[in-house]
Amino acid sequence: MKELTQINPVSWIKFTIYGLLLLGIYYSAFTWLITHDWEKEAYSYCWLIPPLVFFLIWLKRDELASTPSEPSWAGLLLHMGWQKIKAIGFALFFILTMFPMPNFINTRIMLKLRLISSKLGVSMLQAYGLPAARQGNIIDLGFTKLQVVDACSGLHSLISLIVLSLLLVYFFKDHIWKRAVLLFSSVPLAIVTNSFRIAMTAILYKYFGAEVAEGFFHKFSGMLIFAICIPVLLIEMKILEKLPPLQSKTTSESKETDTMTLGKSPISSKNMVSKHGLLLQPMFVVAIILLGTTFAISYTIDFREKIPSKKNLNQFPLKIGDWTASRHQTMAQKFIDALDLSEYVISNYKNLDGKKVNFYVAYYESQRKGESIHSPATCLPGSGWSFNQSGT
């Protein structure tokens, strides 16, 4: 078995060359990912994904060594073939969890989660006997108001919990419906636990003040979600194991026997490497030429955005037909930082009939690398506003 786990030196050379070229091509993307996206609280777990991926592949080392390579011109199958890719398929899929969701999806989900968490939190407070009312994601307790901000939306814990559930599902070798139940149950579990966290914050706020909402308990309660959810998921796994249909031991044993038999077959990966592992293999040469060309182009051609010239929004007219505004208003710096806009204009216009219009326009120079507009549709509902009419 030890012979099977040895990798031909030529394969290491190929792996190193591919790795260096891909690192060079995507260096700026990797830098942005690590220094910007992974620094966000919601995606701090991403630091653990690369070592976990390598660990998952390492667990399959014997199966990879005993599976014949069947190279193909089809992308990932270039050197390994379908059977090897299938063996590490979950590890390759798991890599996707270290990339943040697009901003327009992230903000929509966060808004929905905040509203759901606020509703459930208020219901829990009312069940406890504490008077509470809600407008959007603002909870009115009478003696104070609490706002369920992005950090309290539950998205941070939800994403991390789904990633953890994926790992549990992978190692939970049982029927597909049980694994699906385990995975999807992490979503309502995270939401309910986060709502409980909000309710507890409000209850303790009454007795201990703002320090509870903004101090140690607020940070500790985030960890408390995992302290509750992880045992619940493990208990759920034990319950699912007892439900029919029960997992057949003979099936798993036969699979293990098949793997051992394959490992002893005369068609070993060592033989296949000697056939396909040459550095002059056409597939390898073509791949290196394409990657090398891409690397050269990426560092010789200027792909920077060409931002068009524009007028400053401060020059936007204060009088438009019968509508007049006395001045352009300004926002507090904390809102400007949160919106991450390049320029904006806010004015209150009034016509001769006394009708009023609040006019707001934000300008974004760039929407590349994770930046996107902050639509009022994603924040105003959280403050209790509702859209009666919208259009273009």
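If I go through the range 324-368 residue by residue, how many of them are open to solvent by 80 Å² or more (accessible area, probe 1.4 Å) and over 24 Å from D37 (Cα atoms)?
9
This table checks each residue for (1) surrounded by 18 or more Cβ atoms within 10 Å (Cβ to Cβ); (2) assigned to a helix (DSSP H, G or I); (3) touching an Asp or Glu at 6+ places or on another chain (Cβ under 6 Å).
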position: I95; (1), (2), (3): no, yes, no
position: K112; (1), (2), (3): no, yes, no
position: Q126; (1), (2), (3): no, yes, no
position: L158; (1), (2), (3): yes, yes, no
position: I162; (1), (2), (3): no, yes, no
position: Y170; (1), (2), (3): no, yes, no
position: K173; (1), (2), (3): no, no, no
position: A180; (1), (2), (3): no, yes, no
position: P188; (1), (2), (3): no, yes, no
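Going by the conditions given, is E343 within 30 Å of S28 (Cα to Cα) and touching a helix residue (DSSP H, G or I) at 6+ places or on another chain (Cβ under 6 Å)?
yes
Take the residues in the range 11-45 that are of a type in the set (S, T, N, Q) and under 22 Å from H79 (Cα atoms); name whichever of them is least open to solvent (accessible area, probe 1.4 Å).
My answer is S11.
Could you list, in sequence order, all residues of the range 128-138 that are within 14 Å of T201 (Cα to Cα) and surrounded by fewer than 18 Cβ atoms within 10 Å (Cβ to Cβ)?
Y128, L130, I138 - these are the residues of the range 128-138 that are within 14 Å of T201 (Cα to Cα) and surrounded by fewer than 18 Cβ atoms within 10 Å (Cβ to Cβ).
The values are calculated or read from the model by the stated rules, or taken from the named source; none is laboratory data. On a predicted model such as this, the values are computed, not experimentally measured, just so you know. Using ideal geometry, Cβ is built from the backbone for each residue, glycine included, and neighbour counts are taken over all protein chains shown. What goes into the accessible areas is simple: the full protein's heavy atoms, side chains included, and nothing from ligands, DNA or RNA. Shrake-Rupley method; radii C 1.70, N 1.55, O 1.52, S 1.80 Å.
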